[in-house]
Amino acid sequence: MAQRSVPSPSGLSRSTSARRWMTVAAVAAAATLAACSAPGSGSGSVDTASAGEPAAVSTDLGTDPIELTLYDGAGLKAVDDALIAAFTTKYPNVTITTRFDPDDVQAQNAPRVLSSDNPPDIARIVALGDIVKNGQLTDLEPWAAAYGWDALPGGQLAMYTVDADGVRGSGAQYTVASGFVVTGLYYDKSVAATVGMTTPPATVDELEAALAKAKDAGVVPMIIGNQTGQGTFPIQMMINSYAGQQSVNDWVFNVADATIDTPEGVEAVTRVADWAAQGYFNSDANGTDSTTALGRFTQGEALFYPSGNWDASSLQDQMGDNVGFVLPPATTVGSSLAMSDPVSNFGIPAKSTNKDAAAVFLNFLTSPEARQVMVDFGFAPSGTGDAPTTPDGSLNAEIQAAFAGLVEADGQVQFVQNATSGINAIWLAQTQLLIEARTTPQDYLAAVQAAYQEQLGR
Amino acid sequence: MSTLDSTLAGEVTGGSWIARRARSGSRGPRLSRGLSGWLFVLPALSVYAAFVLRPLLSTIQYAFYDWNGITAATPVGLGNFQRVLTDPLLLSSVGHSFFLMIFYTILPVIGGLMVAALIQEIRLWGLGTVARTTLFLPQIIPGAAAAIAWVWMFSSNGAVNQVLSAVGLDGQTRAWLGDFNFALTSVGVIGTWLGLGFCTILLMAGIGKIDVSIYEAARLDGAGFFRTFTSVTLPGLRQEIGVCVTVTLIAALASFDIVFMSTQGGPGTSTMVPGVLIYQLGFTESRIGLASALAIVLTALILAVILPIQRFFREE
Amino acid sequence: MQTSVRDRVPGLILLLAAIVFSIFPLVSMLTAALQPQGTIPVGVSWPADPQWHNFVDAWKVADITPLLWSSIILVIGVVPVAALFATMAGYALGQLRVPGSGLLFLLFLFGLTLPREATIIPLYYQIRDMGLLNTRLGLILVLIAAFMPFAVFWMRAHFLTMPKELSEASAIDGATQWQAFTRIQIPLAVPAIASMCLLLFLWTWNTFLQAIVLIDDPSKRTMAGALQNFVGQYSTDVVLLNAGSLLIMAPTIIVFLFFQRHFIKAMIAGAVKG
């Protein structure tokens, strides 16, 4: 090794020629950059004109084997498998292969998955307005006419439709939901007895009284897994009450000039901030995720647990008769609003090659068999029809009854986390700040609104 | 290895006059040799150019547009870069990664130096292997798995709180990764864990290379421990320290796996680092232009930090 | 060094502390993994009745077998090809006269400090446009390219230590470039190639970011990449989560234990040369 010292790139000893090469390379790179067309103007974007309907629509599946792919969030694997099983019993020539990503990953990947070359035939769509604006979904009007989907409840149709400006709530239909979630407050009956809460709260004042009683009795009044953003549930419940259904739904549906940063909204958030200041939430809310919070609730650590019917079966398994469900309290008696949106809002990607068969599946979702499957899993059924059966007196029956009442009173509100593809991350971060009083209610809503407008390009 | 060397050397000196004749031969063989040299480089170069250099150029290009990844993009000039340098969230993410440097780099280097200086070499049979194996384990397991392990340890019911309670510091227990004041430090602890073993081994190996006679000379001169440390050990370990610093600094600035799987940047944005923010901006919020600008700034930052350090530690 | 054992006690204590610190998280995972399923373990406590079958259950529940296969396939796809390309390029840059070799080398060197985040976003779109999204081939190509800077640097450093006269002598014997390369240089380079392959194996197996971005189906990713999905699905059961994570870490740990001497030498030498 005596001949060489530390190995040095041989090029540096001929520094002038290296420099010459580098200038050549730099110029070449710059030229390439300048010459490149703007990203996304090529094959990436979807031709909106061809994203529409085929010439004729068939409702007959025939007997030839058909293969469909379905793309959904992993949390819904069990219920989707059951739906598919029921579907293939009815239509044996169809096989449906499934693909699951973790729930929030699926929501954020969906736009890219839909624009790939092999999109699924049926996909759960969360940011419906964005995706329709990008021309990535099939307009279902022809099938809606063929299957009579305009007879679906108005409140549900509102979740499926998008108009020409990309605003949800009316217009052409793009999706059908497999079922609905409904959110409210679960309460621990034995803890309620201990703290002296005799009836579940119907108004916000009653709720606050119950929270205070729980705090005095030394239990956690309301346990939230705010590491995964569960704190946004009670906040939205209050915003619903103060700002009203129309205002919140407009915001989620991306209606022009919609804003969440309203005086009523600030009032609502202030109330929840007060709860946090009073210690009504678990002290380690930001360090607990929702599954841990659920586990601790079943162990009797808290009085209330804000969640939806997706947790019903595990709560029932672990708490039996000890758990009850109540819709979010209202500011005035009798007008309860609740976050309720599709379990999986299934749409057909524009590039799918099996649209007729996929539409048969969508129609199946409103059939009695599918409705029963959804209820068996603790979800609320899609469409209309006879109420599917539930065991008497069970938690599920309680929730179904609450949901039926909600639909009748047209009290379904969309989740604010779904307003745009990326707004969930903002809600999450901001709620974590709010719970620890590191931001004010005014700044909280202002930050969310600012991000909303930026993401929608307003 | 050395026998081979000398055998080769023997052959070479024997045949060198032939080699000299070949070199002074016609231009033909040399040109074609240069060309075939290119052919040898071609596979590596093409795959590198296609999947590293070209995307890098694309990142630079994207940074000048506002793009959501699906529809056509709109040019915004330097707007994204301006945003990176002024937006509090983006700036704070850079600040966080600088803070993490303390834990990823400074603590492991100091710890490694202390162990290396105090022990010098391990003579106890078996302890050497055990030490090397266990100290290297953090580098072997995937970062995502390390994050899972530490998330569990930092949780309310986890080992960290258990240890605190055991030593009587009950009042200090908390959900570490969910606490605004301590989350970033906790992430830093994970970084220290990652780098400590690596630096310790590297520095111990480096100390083994320092000539024993220098230590003898220092001792004869009456130098105490500290004096020996600064005048003999530190300079002798210069290159190894440089390596530790470089490797761990890049890990701190570019960190993704650990933060992504442990805090996702939360609570709030108190542990957000550029790597995770780029992913979030690019793939969750579909703001490709801004994400690309941040990526470029991150790359420039890494270069700006590493190059001077390399120069400093490599000067012989 | 002739220091007495007593003088080295403080150092030994520190060393022991570092060892315990390094291994502690794994021990913590192990004790949690052995608790009865469905319970919430508290801290580190060896369970009274260790449930070793939890590992079997976690294996089945998390469907680890396809993950293992997937990682093995990825390693087989990445490591030999990357080693071959890098050895060829290292040979050219270290032994042959290649016009512009200085620039080429700097180009590869630059890649050593380039963070993955700098290229991951366009890579997604590029791979998608090539139709390779969600395929292992796409990930393989990306990883081979990502490893080129280090691998070329490593092999070049090795070939620089080989006497130039070796290849010239063989040229006189009438051997073609390729024959000289395969018959003479490669056999001599085997130790360097072997340690590099160990490192490439480790890095492929532990790849996370590229795996989660380029492949949506968790069972086609690397085992490390599958962890993201894993946590989402099984966060309910801390016990199973820890058991499954240990299983996912196990292959690298086992390979490491077998080859630990070579691994460590390779990593240290690689870092020093870098």
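The values are calculated or read from the model by the stated rules, or taken from the named source; none is laboratory data. Since this is a predicted model, take the numbers as computed values, not measurements. No Cβ is skipped: glycine too gets one built from the backbone with ideal geometry, and neighbour counts run over all protein chains shown.
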| Leading residue by the ranking (surrounded by the fewest Cβ atoms within 10 Å (Cβ to Cβ)) among those in the range B:264-292 that are in a helix (DSSP H, G or I), among the β-branched types (V, I, T) and within 13 Å of chain A (Cβ to nearest Cβ) | B:T284
| request: Check the range B:218-240 and report whether any residue there is of a type outside the set (K, R) and either within 14 Å of chain A (Cβ to nearest Cβ) or within 22 Å of B:A145 (Cβ to Cβ) (or both). | output: yes
| remark: When B:H96 is run through (1) within 27 Å of the chain's Cα centre (by Cα); (2) buried (at least 18 other Cβ atoms within 10 Å of the Cβ); (3) within 13 Å of chain C (Cβ to nearest Cβ); (4) of a type outside the set (V, I, T), the failure sits at (3)
| task | Identify the single condition in (1) under 19 Å from C:G11 (Cα atoms); (2) not in a helix (DSSP H, G or I) that B:S255 does not satisfy, given that it satisfies every other one. | result | (1)
| message | Among the residues in the range B:192-206, are any within 30 Å of B:T129 (Cβ to Cβ) and without any contact (Cβ under 8 Å) to a residue 60 or more places away in the chain? | response | yes
| query | Residues in the range A:329-341: is at least one buried (at least 20 other Cβ atoms within 10 Å of the Cβ) and modelled with pLDDT of 95 or more? | reply | no
| request: Just one of (1) more than 8 Å from every other protein chain (Cβ to nearest Cβ); (2) farther than 26 Å from B:W67 by Cβ trips up B:M261, so point out which. | output: (1)
| said: Can you pull out every residue in the range A:405-433 that is among the polar types (S, T, N, Q), within 27 Å of B:Q280 (Cβ to Cβ) and outside any loop (DSSP other than H, G, I, E, B)? | reply: A:Q417, A:N418, A:N424, A:Q430, A:T431, A:Q432
| If we scan the range B:238-248, do we find a residue that is farther than 16 Å from B:Q139 by Cβ, over 23 Å from the mean Cα position of the chain (by Cα) and in contact (Cβ under 8 Å) with a residue 60 or more places away in the chain? | no
| Applying the selection to the range A:355-374, what residues are surrounded by fewer than 18 Cβ atoms within 10 Å (Cβ to Cβ) and outside any helix (DSSP H, G or I)? | A:S367
| In the range A:253-267, is there at least one residue being modelled with pLDDT of 90 or more, polar (S, T, N, Q) and in contact with a strand residue (DSSP E or B) (Cβ under 9 Å, 6 or more places away or on another chain)? | no
| request: Determine whether the range A:309-324 contains at least one residue that is assigned to a loop (DSSP other than H, G, I, E, B) and either at pLDDT 90 or above or buried (at least 18 other Cβ atoms within 10 Å of the Cβ) (or both). | output: no
| field | Sole residue being of a type outside the set (S, T, Y) and within 14 Å of chain A (Cβ to nearest Cβ), chosen from C:G11, C:G94 | value | C:G94
| field | Pairs with Cβ under 7 Å, 6+ apart, first in the range A:193-221 and in the same structural domain as A:V272 (by TED's automatic domain parsing) and touching a residue at least 24 places away in the same chain (Cβ under 8 Å), second surrounded by fewer than 19 Cβ atoms within 10 Å (Cβ to Cβ) and assigned to a helix (DSSP H, G or I) | value | A:T194/A:A217; A:V195/A:K213; A:V195/A:A217; A:M197/A:K213; A:K215/A:Q278; A:P221/A:K215
| request: Check the range A:118-141 and report whether any residue there is modelled with pLDDT of 90 or more, surrounded by fewer than 21 Cβ atoms within 10 Å (Cβ to Cβ) and not in a loop (DSSP other than H, G, I, E, B). | output: yes
| query | Do any helices (runs of 4 or more DSSP H) lying entirely in the range A:183-251 carry at least 2 residues that are hydroxyl-bearing (S, T, Y) and out of contact with any Lys or Arg (no Cβ under 8 Å at 6 or more places or on another chain), and which ones are they? | reply | A:189-195, A:232-243
| request: Residues being in a loop (DSSP other than H, G, I, E, B) and under 20 Å from A:P328 (Cα atoms): count how many of those fall in the range A:150-182. | output: 2
| query | Among the residues of the range A:71-100, which ones are of a type in the set (K, R) and away from every other protein chain (no Cβ under 14 Å)? | reply | A:K90
| Mind checking whether some residue in the range B:293-315 is at the interface with chain A (Cβ under 10 Å from one of its Cβ atoms) and buried (at least 22 other Cβ atoms within 10 Å of the Cβ)? | no
| request: Determine whether C:V98 is farther than 29 Å from C:D217 by Cα and modelled with pLDDT of 90 or more. | output: no
| remark: Log entry, pairs with first residue in the range A:269-289 being more than 19 Å from B:G171 (Cα to Cα), second being of a type in the set (K, R) and part of a helix (DSSP H, G or I), beta carbons closer than 7 Å, six or more apart or on different chains, reads A:Q278/A:K215; A:Y280/A:K215
| Say we look at the range C:162-191 and pick out the residues that are within 30 Å of C:F259 (Cβ to Cβ) and loosely packed, with under 15 Cβ neighbours inside 10 Å; which of these is modelled with the highest pLDDT? | C:V190
| request: Check C:M223, C:M162, C:M196 and return the single one that is in contact with a Phe, Trp or Tyr (Cβ under 8 Å, 6 or more places away or on another chain) and either in a loop (DSSP other than H, G, I, E, B) or outside the structural domain of C:I253 (by TED's automatic domain parsing) (or both). | output: C:M223
| Residue satisfying condition, being buried (at least 21 other Cβ atoms within 10 Å of the Cβ) and out of contact with any helix residue (DSSP H, G or I) (no Cβ under 6 Å at 6 or more places or on another chain), within set C:A226, C:A151, C:A146 | C:A146
| Only one of (1) more than 14 Å from chain A (Cβ to nearest Cβ); (2) within 25 Å of C:D217 (Cα to Cα); (3) in a helix (DSSP H, G or I); (4) not small (G, A, S) fails for C:Q126. Which number is that? | (1)
| request: Only one of these is more than 28 Å from B:I296 (Cβ to Cβ) and free of Cβ contacts under 8 Å to residues at least 60 places away in the same chain: C:P122, C:P163, C:P149, C:P115. Name it. | output: C:P163
| task | May I ask you to verify whether B:G69 is at the interface with another protein chain (Cβ under 10 Å from one of its Cβ atoms), under 23 Å from B:V247 (Cα atoms) and among the small types (G, A, S)? | result | no
| From the options A:Q299, A:Q246, residue that is surrounded by fewer than 21 Cβ atoms within 10 Å (Cβ to Cβ), closer than 30 Å to A:A193 by Cα and without any contact (Cβ under 8 Å) to a residue 12 or more places away in the chain | A:Q299
